[in-house]
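Asks: I'd like to ask you about the structure that follows.
The values are calculated or read from the model by the stated rules, or taken from the named source; none is laboratory data. Just so it is clear, the structure is predicted and the values come from calculations on it, not from any experiment. Positions of Cβ are backbone-derived with ideal geometry, glycine not excepted, and every protein chain shown enters the neighbour counts.
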Amino acid sequence: MAYFQNIGKIAYEGKGSDNPLAFKHYNPKEVVLGKTMEEHLRFAVAYWHTFTGAGSDPFGVGTAVRGWDSANEMDQAKARVEANFEFLNKIGIPYFCFHDRDIAPEGATLAETNKNLDVIVDLMEENMKASGAKLLWNTANMFTNPRFVHGAGTTSNADVFAYAGAQLKKSLEVGKRLGAENYVFWGGREGYETLLNTDMALELDNLARLLHMAVAYSKEIGFGAQFLIEPKPKEPTKHQYDFDAATTIAFLQKYDLKEYFKLNLEANHATLAGHTFEHEIRVAAINGMLGSLDANQGDLLLGWDTDEFPTDLYSTTLTMYEVLKAGGIGKGGVNFDAKVRRGSFEDVDLFLAHIAGMDTYAWGLKAAAKLIEEKIIDNIVDNRYRSFKDGIGAEIVAGRATLQSLEQYAMQNNAIKNESGRLERIKLVLNEVIYSV
Ligand code: XLS
Ligand code: NI
Ligand code: NI
């Protein structure tokens, strides 16, 4: 059955087109810096926002009425699978991502839940084979069910920790079966509300224990996905342990997990942490930890994860600049962890929103490529740090300088001269580049 009957395949029509159901910038086969757009961007659809969510918020129920709605949970789960593959095919997105509980309902026991999951995974496997669509990543939802009220890996209740382990085991098996290229750990309720009842040291040790178990089990079953941790500073807990890229890297280092993980960075999580997305990507990249991206954007006037579709060109340009400079996104991708606004409740909005995100990323990619090809930022940065190329700067960089040698130099160098950083000029150049591509 077709759920989007009035919508055909979305094609690239170029900048002049006024067809809302067409791409103006995303041209999958267009080559940019030696690779096609498709290869650079590796887009993915987030199952939970597009097929499971219906626009509910804390003040009201969902507003979207979907063709795959059904009173029977398993029927609905099966219909969503069909809708997912029809959507991927029509929009031309090669990947999707899901949490275990997005795709199949929980049963009365863990065994029943796993059975439900198996039925849907069978169906997914068939559809993946038939359509060629691939799983960018899967993950376990260990935050929605009330049992996770105090966390999963960081819970105060060992029975819940055990349940989380069992759920994670199954989820890794599902990932292996469907050939997931990555596997994500987002610490849903891994954080705390107050230190007054929290043993932070034990919670963090336990979280690391769970992750080591996941590494060990994946090895055992031959699941070759790249493991990713997704930082977020707050929401749902007041303080999430994987606060941002730097905090997460320090955690992984402390617990000897760094070699097994990379990071899945999300734009809205970056801004909630008080960073730009490009900051988070740079921190990951310079530590060899860039894994994948959750593409969305927040509302800077609001203090929560609004998960809007990315339409901010400055941000996608700087994001793609960081990705290109890091040598690409590798096994990761650009997953639209984004939802249509509650007021955008028609099916066609799902297409329009993804088109907006894809075009904004493609436009950003083109602008970033121009920044690189014309060495616009490289020239600025190289020139700014040129004092480290020779003389005392070269001594410092080579590790030959000592406090004594620096003193000797500084004592006879009484005319220190700084230069302007030229920020305003640089921002205007950036504007010109973005609007020229
Ligand atoms: C929530 C997270 C979540 C992860 C996957 O804020 O972004 O959706 O991406 O669990
Ligand atoms: Ni996310
Ligand atoms: Ni998020």
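Asks: Please verify whether VAL334 is of a type in the set (A, V, I, L, M), within 19 Å of LYS24 (Cβ to Cβ) and within 16 Å of ligand 3 (Cβ to nearest atom), treating the condition exactly as stated.
Replies: Values: of a type in the set (A, V, I, L, M): yes; within 19 Å of LYS24 (Cβ to Cβ): yes; within 16 Å of ligand 3 (Cβ to nearest atom): yes.
It is true that VAL334 is of a type in the set (A, V, I, L, M), within 19 Å of LYS24 (Cβ to Cβ) and within 16 Å of ligand 3 (Cβ to nearest atom).
Asks: Being crowded, with 19+ Cβ neighbours inside 10 Å and out of contact with any Leu (no Cβ under 6 Å at 6 or more places or on another chain) is the filter here, so list the residues in the range 324-334 that pass it. It would help to see each step written out before you state the result.
Replies: Start the filter on the range 324-334 by keeping residues that are crowded, with 19+ Cβ neighbours inside 10 Å, which leaves 324, 329, 332-334.
Answer for the range 324-334, where residues must be crowded, with 19+ Cβ neighbours inside 10 Å and out of contact with any Leu (no Cβ under 6 Å at 6 or more places or on another chain): LEU324, ILE329, GLY332.
Asks: Quick one: would you say ALA284 is within 16 Å of ligand 2 (Cβ to nearest atom), in contact with a His (Cβ under 9 Å, 6 or more places away or on another chain) and not hydroxyl-bearing (Ser, Thr, Tyr)? Write out each step before concluding.
Replies: On the way: within 16 Å of ligand 2 (Cβ to nearest atom): yes; in contact with a His (Cβ under 9 Å, 6 or more places away or on another chain): no; not hydroxyl-bearing (Ser, Thr, Tyr): yes.
When the stated conditions are applied, ALA284 does not pass them.
Asks: For the range 394-427, name all the residues that are within 27 Å of LEU318 (Cβ to Cβ) and exposed (fewer than 10 other Cβ atoms within 10 Å of the Cβ).
Replies: Correct list: ASN418, GLU419, SER420, LEU423, GLU424.
Asks: Just give me the residues in the range 181-229 being part of a strand (DSSP E or B) and more than 20 Å from ARG147 (Cβ to Cβ), in sequence order. Outline the logic, then answer.
Replies: Applying the first criterion (part of a strand (DSSP E or B)) to the range 181-229 yields 182-186, 191-192, 226-229.
Across the range 181-229, the qualifying residues are ASN182, TYR183, VAL184, GLN226, PHE227, LEU228, ILE229.
Asks: How about the range 211-243: which of its residues are of a type in the set (A, V, I, L, M, F, W, C) and under 15 Å from LYS254 (Cβ atoms)?
Replies: We begin by selecting, within the range 211-243, every residue of a type in the set (A, V, I, L, M, F, W, C); these are 211, 213-216, 221, 223, 225, 227-229, 243.
If the condition is that a residue be of a type in the set (A, V, I, L, M, F, W, C) and under 15 Å from LYS254 (Cβ atoms), then LEU211, ILE229, PHE243 are the ones that fit.
Asks: Sort out which residues of the range 205-255 are at positive phi and either free of Cβ contacts under 8 Å to residues at least 40 places away in the same chain or within 16 Å of ligand 3 (Cβ to nearest atom) (or both), and write them in order of number. Don't jump to the end; show me each part of the working.
Replies: Filtering the range 205-255 for residues at positive phi gives 222, 235.
Matches in the range 205-255: GLU235 only.
Here's the yes/no breakdown for (1) hydrophobic (A, V, I, L, M, F, W, C); (2) in contact with a Lys or Arg (Cβ under 7 Å, 6 or more places away or on another chain); (3) within 20 Å of LEU117 (Cα to Cα):
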position: SER171; (1), (2), (3): no, no, yes
position: GLY175; (1), (2), (3): no, no, yes
position: ALA180; (1), (2), (3): yes, no, yes
position: THR194; (1), (2), (3): no, no, no
position: ASP199; (1), (2), (3): no, no, no
position: ASN206; (1), (2), (3): no, no, no
position: GLU220; (1), (2), (3): no, no, no
position: ILE229; (1), (2), (3): yes, no, no
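Asks: Looking at the structure I just gave you, is THR198 surrounded by 14 or more Cβ atoms within 10 Å (Cβ to Cβ), farther than 21 Å from GLY291 by Cβ and within 16 Å of ligand 1 (Cβ to nearest atom)?
Replies: Working: surrounded by 14 or more Cβ atoms within 10 Å (Cβ to Cβ): yes; farther than 21 Å from GLY291 by Cβ: yes; within 16 Å of ligand 1 (Cβ to nearest atom): no.
No.
Asks: Only residues in the range 125-143 that are assigned to a loop (DSSP other than H, G, I, E, B) and at pLDDT 95 or above count as the first member; pair them with residues that are of a type in the set (Phe, Trp, Tyr) and away from ligand 2 (no atom under 16 Å from the Cβ), Cβ under 8 angstrom, at least 6 apart or cross-chain, and list the lot.
Replies: From residues that are assigned to a loop (DSSP other than H, G, I, E, B) and at pLDDT 95 or above, the pairs are ALA133/PHE85; MET142/PHE148.
Asks: Next question, about the same structure. Considering every residue within the range 352-368, establish whether at least one is surrounded by 12 or more Cβ atoms within 10 Å (Cβ to Cβ), without any contact (Cβ under 8 Å) to a residue 40 or more places away in the chain and among the polar types (S, T, N, Q). Spell out how you get there, then give the answer.
Replies: Initially, the range 352-368 is screened for residues surrounded by 12 or more Cβ atoms within 10 Å (Cβ to Cβ), giving 352-368.
Checking the rest, the ones that are also without any contact (Cβ under 8 Å) to a residue 40 or more places away in the chain come to none.
No: zero hits.
Asks: Continuing with this model, one more query. Of everything in the range 239-279 that's within 14 Å of ligand 1 (Cβ to nearest atom) and acidic (Asp, Glu), which residue is surrounded by the most Cβ atoms within 10 Å (Cβ to Cβ)?
Replies: GLU266
Asks: Out of PHE161, PHE143, report the one residue that is away from ligand 1 (no atom under 16 Å from the Cβ) and surrounded by fewer than 22 Cβ atoms within 10 Å (Cβ to Cβ). Spell out how you get there, then give the answer.
Replies: On the way: PHE143 fails: away from ligand 1 (no atom under 16 Å from the Cβ).
After applying the criteria, what remains is PHE161.
Asks: Could you list, in sequence order, all residues of the range 138-186 that are among the aliphatic types (A, V, I, L, M) and more than 16 Å from ligand 3 (Cβ to nearest atom)?
Replies: Taking the range 138-186 as the starting set, the residues that turn out to be among the aliphatic types (A, V, I, L, M) are 140, 142, 149, 152, 158, 160, 162, 164, 166, 168, 172, 174, 178, 180, 184.
Within the range 138-186, VAL149, ALA152, ALA158, VAL160, ALA162, ALA164, ALA166, LEU168, LEU172, VAL174, LEU178, ALA180 qualify.
Asks: Where residues in the range 272-307 are out of contact with any strand residue (DSSP E or B) (no Cβ under 8 Å at 6 or more places or on another chain) and part of a helix (DSSP H, G or I), which of them is nearest to ligand 3 (Cβ to nearest atom)?
Replies: Across the range 272-307, the extreme among qualifying residues is LEU272.
Asks: For the range 51-63, give me each residue that is surrounded by fewer than 22 Cβ atoms within 10 Å (Cβ to Cβ) and either of a type in the set (Asp, Glu) or under 30 Å from ASN27 (Cβ atoms) (or both).
Replies: Here is the first cut: in the range 51-63, the ones surrounded by fewer than 22 Cβ atoms within 10 Å (Cβ to Cβ) are 52-63.
Within the range 51-63, GLY53, ASP57 meet the criteria.
Asks: Sticking with this structure for a sec: Let me spell it out: the conditions are (1) within 13 Å of ligand 1 (Cβ to nearest atom); (2) surrounded by fewer than 16 Cβ atoms within 10 Å (Cβ to Cβ), and LYS234 meets all of them except one. Which number is the exception?
Replies: Single failed check for LYS234: (2).
Asks: Further question on the same structure: Please go through (1) surrounded by fewer than 18 Cβ atoms within 10 Å (Cβ to Cβ); (2) within 20 Å of the chain's Cα centre (by Cα) for ILE103 and return the number of the only condition it doesn't satisfy.
Replies: Among (1) surrounded by fewer than 18 Cβ atoms within 10 Å (Cβ to Cβ); (2) within 20 Å of the chain's Cα centre (by Cα), ILE103 violates only (1).
Residue-by-condition table, conditions (1) touching a helix residue (DSSP H, G or I) at 6+ places or on another chain (Cβ under 7 Å); (2) closer than 25 Å to ALA158 by Cα:
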residue: TYR217; (1), (2): yes, yes
residue: ALA250; (1), (2): no, no
residue: LEU265; (1), (2): yes, no
residue: PHE277; (1), (2): yes, no
